[in-house]
Amino acid sequence: MNTEALLIFQKNAELGKVKTRLAAGIGEEEALQVYFQLCGFTHSIAQQCEMSKKLYFSNYVDGDSAGYGDEYQFEVQTGQDLGEKMSNAFRETFAQGFERVVIIGTDCPELSPQVINQAFAELRHNDAVIGPAKDGGYYLLGMSRYLPGVFEGIPWSTEQVTKLTTDFLQNNEHPFALLPVLSDVDYEEDWRRFEQKLRKFKTMY
């Protein structure tokens with residue numbers, strides 16, 4: 001059995017419900033297309049990695065799942081807020097026997113297979129690994145043991161997410177590693193920086 005699992009949190013692609021901050025600048029239709037391209041990019045990176053993959057949709061399992069690959073499992077996120085949803089996903093995955101678990105979203109156009117592989121390597125001798133985003137959140141979180149406290153008391157979608165997460169790990173003496181700081185696409189200026197790179201990823205997801 002593969003002891004490593006990559007979790008991908010992905011919203012179901014619905015007009016007006018994805019990339020809402022980006023949509024304020026470029027409109028809902030274009031924001032939806034950007035979201036498709038970000039998802040396409042993310043899965044192109046994930047498919048270059050060897051570990052098991054679990055795709056957690058926000059509301060329902062998309063029926064058109066043929067393009068993802070045979071190595072994918074499909075789940076639906078459960079919980080009230082992002083923290084509870086991620087916590088439940090980690091708990092479920094560790095309960096299945098996985099020993100190293102990493103979660104990513106679909107917002108980071110600087111993500112690479114090398115960064116994902118580095119995260120799993122760090123988990124061989126750390127309890128946790130964090131990929132900090134430039135906006136103060138994180139684009140990746142990994143654990144080699146289930147640490148529910150990582151998700152408690154965090155004001156999600158703020159610039160304090162990474163700091164408060166690392167504070168928890170330090171205060172509770174959990175060894176952790178930090179990955180390179182990368183950018184997310186949240187606003188129009190973010191999208192314009194990565195537009196040329198992402199345009200080639202079609203709306204297959």
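What the table shows:
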item	result
Exclusive hit being among the polar types (S, T, N, Q), within 21 Å of LEU111 (Cβ to Cβ) and open to solvent by 40 Å² or more (accessible area, probe 1.4 Å), set GLN33, GLN77	GLN33
Residue among TYR60, TYR68 that is among the aromatic types (Phe, Trp, Tyr) and crowded, with 18+ Cβ neighbours inside 10 Å	TYR68
Top-ranked residue in the range 111-131 [being in a helix (DSSP H, G or I), in contact (Cβ under 8 Å) with a residue 12 or more places away in the chain and open to solvent by 10 Å² or more (accessible area, probe 1.4 Å); ranked as farthest from PHE41 (Cα to Cα)]	GLU122
Filtered residues of the range 176-205 (kept if part of a loop (DSSP other than H, G, I, E, B) and either under 17 Å from LEU140 (Cβ atoms) or open to solvent by 80 Å² or more (accessible area, probe 1.4 Å) (or both))	LEU179, PRO180, VAL181, SER183, ASP184, VAL185, ASP186, TYR187, ARG199, LYS200, LYS202, MET204
Those residues of the range 14-30 which are surrounded by 18 or more Cβ atoms within 10 Å (Cβ to Cβ) and touching a residue at least 40 places away in the same chain (Cβ under 8 Å), in sequence order	LYS19, LEU22
Test: PHE36 is at pLDDT 95 or above and assigned to a helix (DSSP H, G or I)	no
Subset of the range 134-160 that is open to solvent by less than 10 Å² (accessible area, probe 1.4 Å) and in contact with a strand residue (DSSP E or B) (Cβ under 6 Å, 6 or more places away or on another chain) - its residue that is farthest from GLU110 (Cα to Cα)	MET143
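One line per residue, one yes/no per condition, for (1) open to solvent by 10 Å² or more (accessible area, probe 1.4 Å); (2) over 20 Å from ARG192 (Cα atoms); (3) not in a loop (DSSP other than H, G, I, E, B):
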| position | (1), (2), (3) |
| --- | --- |
| GLN48 | yes, yes, no |
| GLN73 | yes, yes, yes |
| THR93 | no, yes, yes |
| GLY97 | yes, yes, no |
| ILE103 | no, yes, yes |
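The values are calculated or read from the model by the stated rules, or taken from the named source; none is laboratory data. This is a predicted model, so every value here is computed, not measured. FYI the Cβ positions are ideal-geometry reconstructions off the backbone, even for glycines, and counts take in every protein chain you see. These accessible areas exclude ligands, DNA and RNA; they are computed on the full protein's heavy atoms, side chains included. Shrake-Rupley method; radii C 1.70, N 1.55, O 1.52, S 1.80 Å.
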